[in-house]
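Report on one structure; see the data block that follows.
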Amino acid sequence: MTHNKSFEYARKKRAPLNSVVMFKKEIIWKYTQSEINWPELANLYRVAPLGEKNPKDLKLAFSNSRYKCFLYQSGSLVGAGRTLADGVDCSYICDIAILPEHQGTGLGMKILLKLVELSEGHKKIILYSAPGKEDFYKKAGFKIMNTAMAIFTDSQNAIELGIIKT
Ligand SMILES: CC(C)(COP(=O)(O)OP(=O)(O)OC[C@H]1O[C@@H](n2cnc3c(N)ncnc32)[C@H](O)[C@@H]1OP(=O)(O)O)[C@@H](O)C(=O)NCCC(=O)NCCS
């Protein structure tokens, strides 16, 4: 299975090689978690904001995730994302976040497209958007699911956040 809309977006957005790009500070990509500072990742999610996630839980969640991306600039973590995937049928993308001062510079989309690329071969790639951010995912080819359902431990909170309906 190819994810054509995502690849088309990536092709269109590929920046031309010019002086502005050459003088930008380099972004380093990491795909393994051996050097991850978990409190630094928790801080990224806190300030993004994507909620309070404690470092121990993050280590467990990322350890159980098939694909993961961490973006660094000048030694500091500026973005992250992960994917739970079974290797053949379904890949679930979650926890994409970018430091506020780097938001709007294309990094979030780069992480999303990389996780889609890493998920190549799965019959479906799923995610749920934070309310109001659906258009970000639509740009990469994601479509609204008619029958998606979920059980949240704190369903009241999920209702208040606009993630599920009663
Ligand atoms: C949402 C988030 C990951 C987007 O990353 P980003 O680096 O700021 O976004 P990008 O610069 O890569 O944007 C890529 C494209 O998506 C669009 N976009 C970005 N955020 C958007 C949003 N909230 N709603 C609609 N479109 C959005 C951009 O305008 C851009 O469009 P263009 O290619 O036509 O210019 C980032 O803003 C973030 O970390 N937010 C807080 C945490 C969060 O909400 N994570 C997502 C949980 S579902």
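Just one of (1) part of a loop (DSSP other than H, G, I, E, B); (2) away from the ligand (no atom under 15 Å from the Cβ); (3) exposed (fewer than 14 other Cβ atoms within 10 Å of the Cβ) fails for ILE28. It is (1). Being hydroxyl-bearing (Ser, Thr, Tyr), over 16 Å from ALA97 (Cβ atoms) and in contact (Cβ under 8 Å) with a residue 24 or more places away in the chain is the filter here, so list the residues in the range 114-166 that pass it. Hit for the range 114-166 is SER119, nothing else. If the condition is being exposed (fewer than 13 other Cβ atoms within 10 Å of the Cβ) and away from the ligand (no atom under 12 Å from the Cβ), then the range 43-83 contributes GLU52, ASN54, LYS56, ASP57, LEU60, SER63, ASN64, SER74, GLY75, SER76.
Checked against (1) under 18 Å from GLU8 (Cα atoms); (2) surrounded by 15 or more Cβ atoms within 10 Å (Cβ to Cβ); (3) of a type outside the set (Gly, Ala, Ser), ASP135 passes all but a single condition, namely (2).
Yes or no: GLU35 among the acidic types (Asp, Glu), more than 13 Å from the ligand (Cβ to nearest atom) and not in a loop (DSSP other than H, G, I, E, B)?
Answer is no for this residue.
Do we have ILE111 as closer than 25 Å to LEU60 by Cα, touching a Leu at 6+ places or on another chain (Cβ under 8 Å) and in contact (Cβ under 8 Å) with a residue 40 or more places away in the chain here? Criteria met by ILE111. The single residue among ALA130, ALA140 that is more than 8 Å from the ligand (Cβ to nearest atom), out of contact with any Pro (no Cβ under 8 Å at 6 or more places or on another chain), among the hydrophobic types (A, V, I, L, M, F, W, C) and part of a loop (DSSP other than H, G, I, E, B) turns out to be ALA140. The residues of the range 84-112 that are more than 9 Å from the ligand (Cβ to nearest atom), of a type in the set (A, V, I, L, M, F, W, C) and outside any strand (DSSP E or B) amount to a single one, VAL88.
I need the full set of residues from the range 65-88 which are touching a strand residue (DSSP E or B) at 6+ places or on another chain (Cβ under 7 Å) and more than 12 Å from ILE27 (Cβ to Cβ), in order please. Residues satisfying the conditions are SER65, ARG66, TYR67, LYS68, ALA80, GLY81, ARG82, THR83, LEU84, ALA85. Just one of the numbered conditions (1) surrounded by 16 or more Cβ atoms within 10 Å (Cβ to Cβ); (2) over 22 Å from ILE36 (Cα atoms) is not true of ASP89: (1). Any residue at all in the range 83-92 that's under 20 Å from TYR9 (Cα atoms) and free of Cβ contacts under 8 Å to residues at least 24 places away in the same chain? No, the conditions are met nowhere in the range 83-92.
Could you tell me whether GLY162 is surrounded by fewer than 19 Cβ atoms within 10 Å (Cβ to Cβ) and more than 14 Å from the ligand (Cβ to nearest atom)?
No; evaluated as a whole, the condition is false for this residue.
Here, each number is a calculation from the coordinates, and none is a lab measurement. All of these numbers come straight from a predicted model, not from anything done at the bench. All Cβ positions, even for glycine, are placed from backbone atoms using ideal geometry, and neighbour counts span all protein chains on display.
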